[in-house]
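Here is the structure we will look at, set down as structure tokens.
The values are calculated or read from the model by the stated rules, or taken from the named source; none is laboratory data. Since we're looking at a predicted model, the values are computed, not measured. Here Cβ is always computed from backbone atoms with ideal geometry, including for glycine, and neighbour counts include all displayed protein chains. Only protein heavy atoms, including side chains, enter the accessible area calculation; ligands, DNA and RNA are left aside. Shrake-Rupley method; radii C 1.70, N 1.55, O 1.52, S 1.80 Å.
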Amino acid sequence: MRNSGKRVAGLASVAACVTLTLAGCGGSSIDDETKANESQAGDAGDCGDLNLAVNPWVGYEADAYVVGHVAEAELGCKVNYRELKEDVSWQGFGTGQVDVVLEDWGHPDLEKKFFEGTGDGSATDFGPTGNVGVIGWYVPAWLAEEHPDILEWENLNKYAKEFATSESEGQGQFLGADPSFVQFDEAIASNLDLDFKVVFSGSEAASITAFQQAEKNKEFLIGYFYEPQWLFAEVALAKVALPPYEEGCQDDPAKVACDYPETELKKVVSTSWVEEDSTAVGLVQNFTWTNDDQNLVAKYISQDGMSAEDAAAKWVEENPDKVEAWLS
């Protein structure tokens, strides 16, 4: 990153000048040299406020607080964490309320509305995060072991009554997550003639609790879930095979009858924020990590009870090489 290079050069210059001043060279004082280096730092650019969207799942929270921690500690940014739904986050690009979305799972509708060419140009694709997203239909491990044929969608209706709840009106219950997430479950169930009603848990935390309880108590449960996700290290959920994803099979949301694709998760940023040349632009552009990295920070937060700030600081301290690469 160009600005980081200047920052490192500036620090080296400070050390050299202090040494020379103490030796009495050139007759300048420490105050003079400090002012000169402050001027150099100003030439290197300014971070100012960095507005990071935080979408409502813990993996995303891990992304945001790790990048935010590095931005504050290394670049002097004032980081503002904006807790927003996905679609609302994109609306913030044009108003200046959001600079960065760190984990986009694929929103063709929002891209059409906000990317240059088809939309208002307020949003810019800023490349992959390094994470691969997998959305699917999952059941707890005990259920897959006792009824292995349940992992084929063609057999789900045979078990539909076992999944019925007080909210599913006589049908099997399919547990959806937060309705704002990327999901086609109602269409999939309808178009595959599955006798299931989608009932939304309302949040990632509620879905996690439901799967933990279903595994512990050997309850029938089928629902929407996804990777990267720390829960898989605790509860070995099994994925149900839906008709394979093919290009175009999700083009019409009402007609979807196929599985979800593997998705390369990516960063999306405010076009005007990039043009303002914040020193954090390079950090965000270079930020990549693995599903294991994200799962570890998410586990610190969700399972170990750490604050997001402390979890991020711990991971950053333990991974200096990866962080340095983002700043280079």
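Structure notes:
- The fraction of Cα-Cα pairs per 20 angstrom bin, counted from 0 for the chain, comes to 28, 48, 18, 5, 0 percent, rounded to whole percents.
- Computed in the context of the full set of protein chains, the accessible area of the chain at 1.4 Å probe radius has 50% of its extent on carbon or sulfur.
- Shape of segment 236-306, Cα gyration tensor, a/c cut at 1.5: oblate
- Cα-Cα over 29 Å, subset of Lys218/Lys266; Lys218/Lys322; Lys85/Lys299: Lys218/Lys266; Lys218/Lys322
- Cut-off under 5 Å, modelled amide H: who pairs with Leu50 long-range: Lys78, Val79, Asn80
- Accessible area per residue, Å², segment 173-290 with all protein chains present, probe 1.4 Å: 42
- For peptides 268-278, 318-328, sequence by mean Cβ density within 10 Å, most packed first: 268-278, 318-328
- Each label point was placed 7 Å from the Cα along the Cα-to-Cβ direction; for Val132 and Asp87 their separation is 3.0 nm.
- The spacing between segment 123-193 and segment 244-275, judged by their C-alpha centroids, is 18 Å.
- Dipole of segment 105-237, positive direction: furthest Cα of Ala236, Gly136, Gly106, with charges on the beta-carbon: Ala236
- Between helix 204-217 and the chain: long-axis angle, C-alpha atoms, 0 to 90°, nearest 10: 50
- Crossing angle, helix 86-95 versus the chain [Cα axis fit, 0-90 degrees, rounded to tens]: 30
- Here the extension length gained between Gln97 and Ala205 equals 36.2 nm, from 0.36 nm per residue of separation less the Cα-Cα distance.
- Dividing the summed helix terms, -39500 (n - 2.57) for each DSSP H run of n ≥ 4, by the number of residues in the chain produces a 222 nm estimate of -13000 deg cm²/dmol to the nearest 500.
- Per-residue extension of 0.36 nm, minus the Cα-Cα distance of Lys113 and Tyr245, leaves a gain of 45.0 nm for this segment.
- Share, in percent, of DSSP beta bridges within the chain that are antiparallel, nearest 5: 50
- For segment 165-174, the Karplus equation 6.51 cos²θ - 1.76 cosθ + 1.60, evaluated at θ = phi - 60°, returns couplings of 10, 5, 9, 9, 6, x, 8, x, 8, 9 Hz by residue, with Gly and Pro reported as x.
- Mean separation of Cα contacts under 8 Å (6+ apart) over length of segment 232-328, as relative contact order %: 20
- Glu219 versus Asn157: modelled label distance in nm, points set 7 Å from Cα along the beta carbon direction: 2.7
- Accessible surface for segment 86-146, divided over its residues, is 39 Å² per residue with a 1.4 Å probe.
- Cα long-axis angle, helix 291-302 against the chain (0 to 90 degrees, to the nearest 10): 90
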